[in-house]
1. Residue check: is residue 99 in contact (Cβ under 8 Å) with a residue 60 or more places away in the chain, surrounded by 14 or more Cβ atoms within 10 Å (Cβ to Cβ), outside any loop (DSSP other than H, G, I, E, B) and within 13 Å of the ligand (Cβ to nearest atom)?
2. Residue by residue through segment 114-171, note down the ones that are under 21 Å from residue 26 (Cα atoms), modelled with pLDDT under 95 and in contact with a helix residue (DSSP H, G or I) (Cβ under 9 Å, 6 or more places away or on another chain).
3. Give just the number: which of (1) surrounded by fewer than 19 Cβ atoms within 10 Å (Cβ to Cβ); (2) in contact (Cβ under 8 Å) with a residue 60 or more places away in the chain; (3) over 18 Å from residue 6 (Cβ atoms) does residue 145 not satisfy?
4. Can you report the number of residues in segment 49-81 which are part of a loop (DSSP other than H, G, I, E, B) and either touching a strand residue (DSSP E or B) at 6+ places or on another chain (Cβ under 8 Å) or surrounded by 21 or more Cβ atoms within 10 Å (Cβ to Cβ) (or both)?
5. Conditions: (1) surrounded by 18 or more Cβ atoms within 10 Å (Cβ to Cβ); (2) part of a helix (DSSP H, G or I); (3) free of Cβ contacts under 8 Å to residues at least 24 places away in the same chain. Residue 21 meets all but one. Number of the miss?
Ligand code: ROI
């Protein structure tokens, strides 16, 4: 049964970023143990970290899955690798595709490969705002609402792009 819920953050700032993200959503949904439930609009965001790189396109999706967290991480990393992601370069440098597991049910874990919830969410407007679009009632692990987290986070000029992702064509 695909009864576990996870939120995935998607980001790209190289090689037609919007296409990277749409294709990644299709690839996620094509996995037999992943079912795409909702996805946000695409958002354009200023780079966090070094500023000498292109703006990012970001989105967040909600999936259900029968995979364990580390199995899901393997799937996310293999999709990143298929998109030509180069891991050796600078940690905060530009990337063709980044898939971050943000939350997995209410699980808290800290292993060498995976920290849940994702450690950086609280100050990433490009994660919180798209997540709010698809899960406005979410309660975060400190007991606060997602809306409260957003109210404390700088929006850095985050822009929602007008074209919605054609969810029906992906998740059919
Ligand atoms: N900055 C933005 N705006 N969006 C991202 O997805 C993103 N991803 C990263 C770093 C380099 C931290 N900066 C980012 O990994």
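The values are calculated or read from the model by the stated rules, or taken from the named source; none is laboratory data. All figures in this text were calculated on a predicted structure; none of them were measured in a lab. Don't worry about glycine lacking a Cβ; one is built from the backbone with ideal geometry, like all the others, and counts go over all protein chains shown.
1. On the way: in contact (Cβ under 8 Å) with a residue 60 or more places away in the chain: yes; surrounded by 14 or more Cβ atoms within 10 Å (Cβ to Cβ): yes; outside any loop (DSSP other than H, G, I, E, B): yes; within 13 Å of the ligand (Cβ to nearest atom): yes.
So residue 99 fits the description; yes.
2. Correct list: 163, 165, 166, 167, 169, 170, 171.
3. (2)
4. In the first step, residues of segment 49-81 are kept if they are part of a loop (DSSP other than H, G, I, E, B); the result is 49-55, 66-68.
Now narrow it down to the ones that are either touching a strand residue (DSSP E or B) at 6+ places or on another chain (Cβ under 8 Å) or surrounded by 21 or more Cβ atoms within 10 Å (Cβ to Cβ) (or both): 55, 66-67.
Looking only at that region, the number is 3.
5. All conditions pass for residue 21, except number (3).
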